Amino acid sequence: MPPRLRLQPRNLRVRIYHHQLPSQQCTYASLTTATTPAPPIDQTIHSIPPIARFPLNQPPSHKPPEIRKSQLHRQYQSLLKSSPLILLFQHNNLRALEWMGIRRELAYALRSVDAERTAAGCQDLYADAIKIQIIQTGIFASALRVVEFYHPESQPDPTTQHPSDPATASSARIPNTLPTPDGTRFMHGLSRRAHQAAADKKLKLELDPLLSGPLAAVAFPAVSPQHLKVALSILSPSSDFPAPKRKAQPSYHEPSVQAGLQKLMLLGARVEGKVFDQEGTRWVGSIPGGIDGLRAQLVAMLQNVGAGITNTLESAGRSLYFTMEGRKGMLEDEQKEEKIEKGQQ
């Protein structure tokens, strides 16, 4: 505790000039002062938290957040976290007119799927949320590494408040140091800790062989085999996913659209964090009935398993019953034969 300072009244004097006197004489007056109070006990144990160097709504990042690369990095992280199904295509020198035609035909086909689902009474409509966009391969790979390898919830001493908040400082006993960009409490996707976790070259991604060259991604807000089937029939038609007929969709067969589709090549997909090649992607799109079909198959499988277990449990009792009934018939026959023999004697 700091020492108390007591001021004596005789040690502090104020000189008062009387200007009305011709001799310019002055007199002294004493001032009485109060004793300086002692500081609070909390202030003597814990220091006051420093002034925040960073605003609450804009924590520091490893790279300047105002540049386009940082914004793309954050956008790709959000895309990867919110899209359980992503198709990857390689594009080669597509013109703007070709991109416009491909996007138009894809949107038209997806809206037709939503119209069918609406007529069937389904409320899960994803046509407006499914877009095809060109991605920066290097930034997308870095964002994917952050999403896969950086888990801030497992970091020690997490907090949801700002490091310079007095409430946080008093509860967490934060030392009297200003927050730095590499502090443990800055755990967003652009922080220095996220950059260090993604920079570990020993960790390998399953999508590394596909992340090369010019890429385009089609993000789905949910795993919908019906929408995936239509997207594959438009962007990568095959025997399993035939392209729409000219009579049904004549604009799809325009020269600009066909020229653009010839420059697109399906590489694979990322479904629920798992990597699928072309065959696996087409298998997901070929599930009959979509999610409802999967649920029906699962229910049928569980019913078959339950019926098999019931038959197995009942088979032991049934076999025992048949054995006892057979033995009972044999005993009855033996008794009848004995009676007949006694009657003959």
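Quick one: is D240 surrounded by fewer than 18 Cβ atoms within 10 Å (Cβ to Cβ), farther than 18 Å from R95 by Cβ, of a type in the set (D, E, K, R) and in contact (Cβ under 8 Å) with a residue 24 or more places away in the chain? Yes. For region 243-263, filtered to residues that are surrounded by 18 or more Cβ atoms within 10 Å (Cβ to Cβ) and not small (G, A, S), the residue that is modelled with the lowest pLDDT is P244. Among the residues examined, R145 qualifies as closer than 17 Å to Q77 by Cα and out of contact with any strand residue (DSSP E or B) (no Cβ under 6 Å at 6 or more places or on another chain). Got at least one residue in region 53-61 being at pLDDT below 90, more than 21 Å from the chain's Cα centre (by Cα), surrounded by 14 or more Cβ atoms within 10 Å (Cβ to Cβ) and outside the structural domain of H253 (by TED's automatic domain parsing)? Yes, there is a match, as at least one residue in region 53-61 is at pLDDT below 90, more than 21 Å from the chain's Cα centre (by Cα), surrounded by 14 or more Cβ atoms within 10 Å (Cβ to Cβ) and outside the structural domain of H253 (by TED's automatic domain parsing). Test G189 against the stated conditions and say whether it is assigned to a loop (DSSP other than H, G, I, E, B), of a type in the set (G, A, S) and modelled with pLDDT under 55. Answer is no for this residue. Based on what the data block shows, is A269 in contact (Cβ under 8 Å) with a residue 60 or more places away in the chain, in a strand (DSSP E or B) and touching a Gly at 6+ places or on another chain (Cβ under 9 Å)? Considered against the rule, which asks whether it is in contact (Cβ under 8 Å) with a residue 60 or more places away in the chain, in a strand (DSSP E or B) and touching a Gly at 6+ places or on another chain (Cβ under 9 Å), A269 comes out as yes.
The values are calculated or read from the model by the stated rules, or taken from the named source; none is laboratory data. What you are looking at is a predicted structure, and each value in this text was computed from that prediction instead of being measured. Heads up, the Cβs are rebuilt from the backbone with ideal geometry, glycines too, and the neighbour counts pull from every protein chain shown.
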